[in-house]
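Here's the structure we're looking at; comments come further down.
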Amino acid sequence: MKFSSKRRERIFTVFFMFAISVFCISILTGVYLASRDRIRVNQTLASKRALLAAARMPVPDDQRTLDAIFSNQVKAYTNAGGRAIYSIRQGASSDPSSGRRQLLGFVFEGRGQGLWGGIRAWVGVRADRKHLMSLAITEHSETPGLGARIDEPWFGKQFSGKTGPLTARPEKTASSLATEFDGITGATATIDGVRSMLNTVLSNAPGDIAAIARTDADLSNAVFLYDAHSATNKNPGGIPRKEEAGP
Amino acid sequence: MTLAKPRMGRVIFDGLFANNPVFVQVLGICSTLAVTNVFENTLVMCIGLVFTTGLSNFSVSLLRSLIPGRIRMIVETLVIASWVIVFDIIIKATLPEISKALGAYVGLIITNCIVMGRAEAFALANKPLISMADGIANGLGYTWVLLAVAFVRELLGSGSIFGVRVLGEWWTNWNIMVMAPGGFFVLAILIWIVRGRMLRSKEGVR
Amino acid sequence: MNEISVLSIFLAAVFTNNILLTNYLGMCSFLAVSSEVKASAGLGIAVTFVMAVTSVLNWLVEQYILVPLDLVYMRYIVYIVVIAAFVQLVEMIIERVSDSLYAALGIFLPLITVNCAILGATLFIAIREYTLPQAAAYGAGGGLGWAMAIVAMAGIRQKMARSRVPRGLSGAGISLVITGIMALAFIGFSGMIRVN
């Protein structure tokens, strides 16, 4: 009697453990599957919105406009290192006289190293392949309140018109030099990572664009037109810089 | 707590004040303190804790007569972990940015001593509904303490409350409040004030 | 993205990103046990060992089971089960193999399973997408850093036993203050490691 009741107890223990595990796992799987698509859509939307922000374009709220912009104006390429590059053109209805849609700029997938982990961002570079448009951080593991402040809107926007090689200045010193940007107090390692990521993107930009232009005649034309157009324009806009020799 | 059947009102009062997890039981100071440098993140974390403690107490209490003694802790852990995963999925779907900011700390609700502690101390011996109330009350007791810490840390460290800048340009941020030592000090001071009061009032009664 | 050297990660885990002093993890058992240096050292060794091994184990589980089968959402359950199982296994082995070791460390092992630091370390490794050597370095370093902090704390508390601590602060309060000051001191290590 004693023996079999102990055995029964053991069998029940095992059975119970199994049953409750199966129960919990099923519920979790259910919840996961119900929300998985929504989570993925959210992530893609967030990434697309950030990309447009990096290109200093207005970010639409609704998904339809967003998708329309992406299908009309944004084209994806990959550079030699496997990183994504997007070309941004103006919308179809603008500038009917030229017939070709003007090149607005490029967005590079940037990767850097922060204090705690990797930083990923969209880096917007002007069509001249030299000056930045904006920066939109998509992923980081930095300390909230310190390094995580790179998410703040002012931080990315301050890069408009800046060019490499970049150096960081103390926060709120607002230098007018095109190669300086404001850091964040208490987040030195994070800012260093961002700086080095941006400098890498900027130094590789001309080469990367030349490489992808070779694979796409339309892009190659657009780049050529842009260069020709800007050579005849004294100051295409942004921070004043030294005059350069023609193309 | 295990004398007569505990009454709902008493249970709630104890969880919030008399048997407060942080000041009296000294539990769960661990993980959540890390996110208290931003008020909004703390709020979401604490909601997660209240959610988890309440529901896991409820579940454990429902099963209390069935759970074999030997695997008691494993079953509790399994139940707690499941509820935490549910919460994690919910915030990933509805508040993706906060979920990213919280990072690994949501998962650490599982090892928060309060959740396991209440399951062991209360849920195993009481009915489901009142166990859930006890879980929620303890969770809320923990919440108000952490929100107080977070309020001070965000105000002094970033000059803002809930992301809205309230202190003007004249305020120099106390970076120490945003970094680790700030959390320890603020909580220590808060404990000092509250426990000091509690001890003095006990002596007054005597 | 992950070009940080293994040594940098190890040193960072011990000093600049100390899992207790910077990430606030592992404090519960810390506050309960840390009034005696010997006991704290024992707990510290046990935690270091478990953290180092479970970091590797959970990394393997993540890479070879969770990711291929799209079960990443089950991460929390799987990790804690692995940790609990491993601790149980270690306890059984120690009990069979060595009585003295069991007497010294055995009592701590159940405490370790619910130690936030161990689960925390494995979660950080997963989120930061470390490689296997980096994960091992972080696990070992994290454990050592935790052990260092707890032994230092125990030593300080032993001395504090002779001082007059305000009543409201005694116990948890003063421990938190001591931890805060230690955390401040450890921030001084920040410039030591250039991660970029």
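The values are calculated or read from the model by the stated rules, or taken from the named source; none is laboratory data. Quick caveat: nothing in here was measured; it's all calculated off a predicted structure. No Cβ is skipped: glycine too gets one built from the backbone with ideal geometry, and neighbour counts run over all protein chains shown.
Any residue at all in region B:3-21 that is within 24 Å of B:Glu154 (Cα to Cα) and more than 14 Å from chain C (Cβ to nearest Cβ)?
Yes, there is a match, as at least one residue in region B:3-21 is within 24 Å of B:Glu154 (Cα to Cα) and more than 14 Å from chain C (Cβ to nearest Cβ).
Could you list all residues from region A:122-149 that are of a type in the set (Val, Ile, Thr), in contact with a Leu (Cβ under 8 Å, 6 or more places away or on another chain) and under 30 Å from B:Trp174 (Cα atoms)?
Across region A:122-149, the qualifying residue is only A:Thr143.
How many residues are over 10 Å from the mean Cα position of the chain (by Cα) and within 15 Å of B:Phe51 (Cα to Cα) if we restrict to region B:138-153?
Total meeting the criteria: 0.
Checking the structure you have, find out if any residue of region C:9-16 is surrounded by 20 or more Cβ atoms within 10 Å (Cβ to Cβ) and away from chain A (no Cβ under 14 Å).
yes
From the residues in region A:160-197 that are assigned to a strand (DSSP E or B) and of a type outside the set (Asp, Glu), which one is farthest from A:Asp128 (Cα to Cα)?
So the residue we want is A:Arg169.
Looking for something modelled with pLDDT of 85 or more and either buried (at least 21 other Cβ atoms within 10 Å of the Cβ) or within 14 Å of chain B (Cβ to nearest Cβ) (or both) - is there at least one such residue anywhere in region C:187-196?
Looking for residues that are modelled with pLDDT of 85 or more and either buried (at least 21 other Cβ atoms within 10 Å of the Cβ) or within 14 Å of chain B (Cβ to nearest Cβ) (or both), one finds none in region C:187-196, hence no.
Out of everything in region A:126-141 that is modelled with pLDDT under 90 and in contact with a Phe, Trp or Tyr (Cβ under 6 Å, 6 or more places away or on another chain), what residue ends up being farthest from the other protein chains (Cβ to nearest Cβ)?
Only one residue fits best here, namely A:Ala127.
Among the residues of region A:1-56 satisfying the criterion of being assigned to a helix (DSSP H, G or I), basic (Lys, Arg) and closer than 30 Å to A:Ala136 by Cβ, which is farthest from the other protein chains (Cβ to nearest Cβ)?
Checked region A:1-56; the qualifying residue farthest from the other protein chains (Cβ to nearest Cβ) is A:Lys48.
If you scan region B:22-36, which residues turn out to be farther than 20 Å from B:Val152 by Cα and in contact with a helix residue (DSSP H, G or I) (Cβ under 6 Å, 6 or more places away or on another chain)?
Of everything in region B:22-36, those that are farther than 20 Å from B:Val152 by Cα and in contact with a helix residue (DSSP H, G or I) (Cβ under 6 Å, 6 or more places away or on another chain) turn out to be B:Val26, B:Leu27.
Can you work out which of the residues in region B:61-71 that are free of Cβ contacts under 8 Å to residues at least 12 places away in the same chain and in a helix (DSSP H, G or I) is nearest to B:Ile109 (Cα to Cα)?
B:Ile71
Out of C:Asp99, C:Asp70, I need the residue that is surrounded by fewer than 21 Cβ atoms within 10 Å (Cβ to Cβ) and at positive phi. Which one?
C:Asp70
Taking the stated definitions as given, is B:Ile109 of a type outside the set (Asp, Glu), without any contact (Cβ under 8 Å) to a residue 24 or more places away in the chain and in contact with a helix residue (DSSP H, G or I) (Cβ under 8 Å, 6 or more places away or on another chain)?
Judged against the criteria, B:Ile109 is not a match.
Condition test on C:Gly180, is it more than 23 Å from B:Arg195 (Cα to Cα) and either surrounded by 20 or more Cβ atoms within 10 Å (Cβ to Cβ) or within 21 Å of the chain's Cα centre (by Cα) (or both)?
no
Collect the residues in region A:153-197 that are of a type in the set (S, T, N, Q), modelled with pLDDT of 85 or more and farther than 26 Å from C:Gly191 by Cα, keeping them in residue-number order.
If the condition is that a residue be of a type in the set (S, T, N, Q), modelled with pLDDT of 85 or more and farther than 26 Å from C:Gly191 by Cα, then A:Gln158, A:Ser160, A:Thr163 are the ones that fit.
Where residues in region A:88-125 are charged (D, E, K, R), surrounded by fewer than 20 Cβ atoms within 10 Å (Cβ to Cβ) and farther than 21 Å from A:Thr163 by Cα, which of them is modelled with the highest pLDDT?
A:Arg101
Starting from residues that are of a type outside the set (A, V, I, L, M, F, W, C) and in contact (Cβ under 8 Å) with a residue 60 or more places away in the chain, keep the ones in region A:181-194 and report whichever is farthest from the other protein chains (Cβ to nearest Cβ).
A:Thr190
For region C:87-103, does any single residue satisfy the condition of being within 14 Å of chain B (Cβ to nearest Cβ), out of contact with any strand residue (DSSP E or B) (no Cβ under 7 Å at 6 or more places or on another chain), within 15 Å of C:Val56 (Cα to Cα) and in a helix (DSSP H, G or I)?
yes
Of all residues being of a type in the set (A, V, I, L, M, F, W, C) and surrounded by fewer than 16 Cβ atoms within 10 Å (Cβ to Cβ) in region A:174-216, which is farthest from A:Gly82 (Cα to Cα)? Just the residue, please.
Across region A:174-216, the extreme among qualifying residues is A:Ala174.
Could you tell me whether C:Leu123 is touching a residue at least 12 places away in the same chain (Cβ under 8 Å) and within 14 Å of chain B (Cβ to nearest Cβ)?
Here the answer is yes, as C:Leu123 does meet what is asked.
Using beta carbons and a limit of 6 Å, which pairs, at least six apart or on different chains, have the first residue in region C:166-177 and more than 7 Å from every other protein chain (Cβ to nearest Cβ) and the second one part of a helix (DSSP H, G or I)?
Filtered contacts from region C:166-177: C:Ser175/C:Leu31.
Determine, yes or no, whether C:Gly143 is over 17 Å from the mean Cα position of the chain (by Cα) and buried (at least 18 other Cβ atoms within 10 Å of the Cβ).
no
Keeping to region B:33-76, report how many residues are under 22 Å from C:Ala117 (Cβ atoms), modelled with pLDDT of 85 or more and away from chain A (no Cβ under 11 Å).
The total comes to 7.
In region B:90-176, which helices (runs of 4 or more DSSP H) lie fully inside it and hold 1 or more residues that are more than 9 Å from every other protein chain (Cβ to nearest Cβ) and in contact with a Phe, Trp or Tyr (Cβ under 8 Å, 6 or more places away or on another chain)?
B:113-118, B:128-158
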